[in-house]
Amino acid sequence: MERVLVQVRALHRLEPANNDHLAALRVALSVAVPSLLLLATGRSDLMIYAVFGALTGMYGRSEPHQLRLRHQSQATVVLLGGVAVGVFLSVNHLHSWWLVGVEAVLAGVGSLFADRVRLKPNGPFFGILALGACASVPTVVPWQVAMLIAAGSAAFSMLVGFGGWIRRRSWQPGAVRAAPALSPAGHREMLVHASRYVLAVGAAGTVGVLTGSGHPHWAMAAAAVPLAGADLPSSVRRGIHRIVGTFVGLGVTAAAILPVPWSLAGLFPGRQAVVLALLVILFQFTTELFMTRHYGLAMVSFTPVILLMTQLAAPADPAVLILERAVETMVGALVGIGVVVAVRRAGSRPPSALLGFPSLFRLPRRPRH
């Protein structure tokens with residue numbers, strides 16, 4: 001019972017601060033500049049590409065500027081790869097099962113790459129999210145323009161991250177990020193983990209398509225969240241944080257976009273694009289402020305970021321958008337938790353042992369002679 005209480009208390013624990021405001025300011029600046037430029041030109045509908053490129057700034061937050069630059073260069077491969085594939089699917093009108101199949105396969109490939117170079121945040125989650133989001137909205141400009149916006153935003157984000165060199169000019173020749181050589185067992189572990197991504201993302205997307213959801217990619221992204229946990233308890237916590245944080249974030253989103261007098265959309269009629277764009281920048285700052293301290297609190301802010309970008313790119317009925325986000329997040333997170341429990345990493349303990357319960361189905365060992 002004591003172990004159960006420990007896990008319950010961990011759901012509410014706020015990790016110590018570690019200069020989070022500096023990392024949050026870097027990310028907010030990376031998002032703000034390209035977003036405000038698009039807003040000034042009257043193309044807030046293209047912010048989705050700028051924001052996903054700017055998420056490069058979320059990587060390497062605690063590393064010195066030299067290694068941060070290398071880390072963010074590696075993260076750019078995942079993010080821009082996701083945007084590129086998403087735009088390709090959108091341009092060619094490949095949705096539904098095409099989206100599920102392609103995203104599931106690339107989730108596995110992204111997992112192998114992320115594990116090999118030790119990306120932080122863990123896993124290919126943001127690449128998966130970028131792929132699904134860009135595939136789900138119409139590409140209203142030539143695909144080269146969409147990619148140029150994303151790449152330019154990523155480059156600006158890396159420039160912001162390297163800005164510390166101005167204050168502390170130190171370059172260590174030969175400095176590399178820690179990515180030790182893998183043993184055969186390590187390679188097998190990476191393959192198993194990648195297969196979990198393929199299974200979870202594919203299963204969640206299948207449920208989304210079969211239920212007729214207009215946004216199955218949200219279920220696929222939510223299914224990837226628990227897989228980034230270091231062990232079973234942290235994976236389950238991430239899944240729970242995803243669900244609860246998203247539901248609270250949907251309340252915040254409703255206060256921004258519902259067509260009622262008390263919402264921001266109702267208070268600022270005719271200026272909805274400006275209000276939503278500014279909220280995206282604000283909420284991206286608060287997302288990064290809590291990302292490493294409490295994932296659930298981060299999701300309260302990140303949920304509006306995704307929905308507001310989607311609404312700017314492809315306006316839809318806000319009530320339907322919010323409802324589908326709630327359902328798809330619940331489905332995806334539960335599928336991801338189920339895969340974590342069913343396909344465990346080598347050497348991990350069963351759930352009963354982690355919670356301090358005796359195994360009810362343990363077979364007796366055969367005596368050795």
Checklist entry - Looking only at residues in region 23-54 that are more than 20 Å from the chain's Cα centre (by Cα) and hydroxyl-bearing (Ser, Thr, Tyr), which one is surrounded by the fewest Cβ atoms within 10 Å (Cβ to Cβ)? => result Thr41
Checklist entry - touching an Asp or Glu at 6+ places or on another chain (Cβ under 7 Å), within 24 Å of Thr286 (Cβ to Cβ) and of a type in the set (Val, Ile, Thr) - does that describe any residue in region 109-131? => result yes
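Conditions (1) over 30 Å from Arg293 (Cβ atoms); (2) open to solvent by less than 10 Å² (accessible area, probe 1.4 Å); (3) assigned to a loop (DSSP other than H, G, I, E, B), marked per residue:
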site	(1), (2), (3)
Thr56	no, yes, no
Glu63	no, no, yes
Leu89	yes, yes, no
Val105	yes, no, no
Ser111	no, yes, no
Ala114	no, yes, no
Asn122	no, no, yes
Checklist entry - If you check Ala155 against the conditions, is it small (Gly, Ala, Ser), out of contact with any Pro (no Cβ under 9 Å at 6 or more places or on another chain), over 25 Å from Pro226 (Cβ atoms) and open to solvent by 10 Å² or more (accessible area, probe 1.4 Å)? => result yes
Checklist entry - Has region 2-22 got any residue that is open to solvent by less than 40 Å² (accessible area, probe 1.4 Å), farther than 24 Å from Arg237 by Cβ, in contact with a Ser or Thr (Cβ under 8 Å, 6 or more places away or on another chain) and in contact (Cβ under 8 Å) with a residue 24 or more places away in the chain? => result no
Item to check | Selection from region 65-87 of residues that are open to solvent by 40 Å² or more (accessible area, probe 1.4 Å) and among the hydroxyl-bearing types (Ser, Thr, Tyr) | outcome: Ser73
Next on the checklist: Consider region 197-215. How many of its residues are in a helix (DSSP H, G or I), of a type outside the set (Ser, Thr, Tyr) and open to solvent by 10 Å² or more (accessible area, probe 1.4 Å)?
Outcome noted: 7
Checklist outcome for this item: Being of a type in the set (A, V, I, L, M, F, W, C), free of Cβ contacts under 8 Å to residues at least 40 places away in the same chain, open to solvent by 80 Å² or more (accessible area, probe 1.4 Å) and in a helix (DSSP H, G or I) narrows Leu191, Leu148 down to just Leu148
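The values are calculated or read from the model by the stated rules, or taken from the named source; none is laboratory data. A quick note: this is a predicted structure, and the numbers were derived from the prediction, not measured. Positions of Cβ are generated from backbone atoms using ideal geometry, with glycine treated the same way; all protein chains shown enter the neighbour counts. Surface accessibility is based on the protein's heavy atoms, side chains included, excluding ligands, DNA and RNA. Shrake-Rupley method; radii C 1.70, N 1.55, O 1.52, S 1.80 Å.
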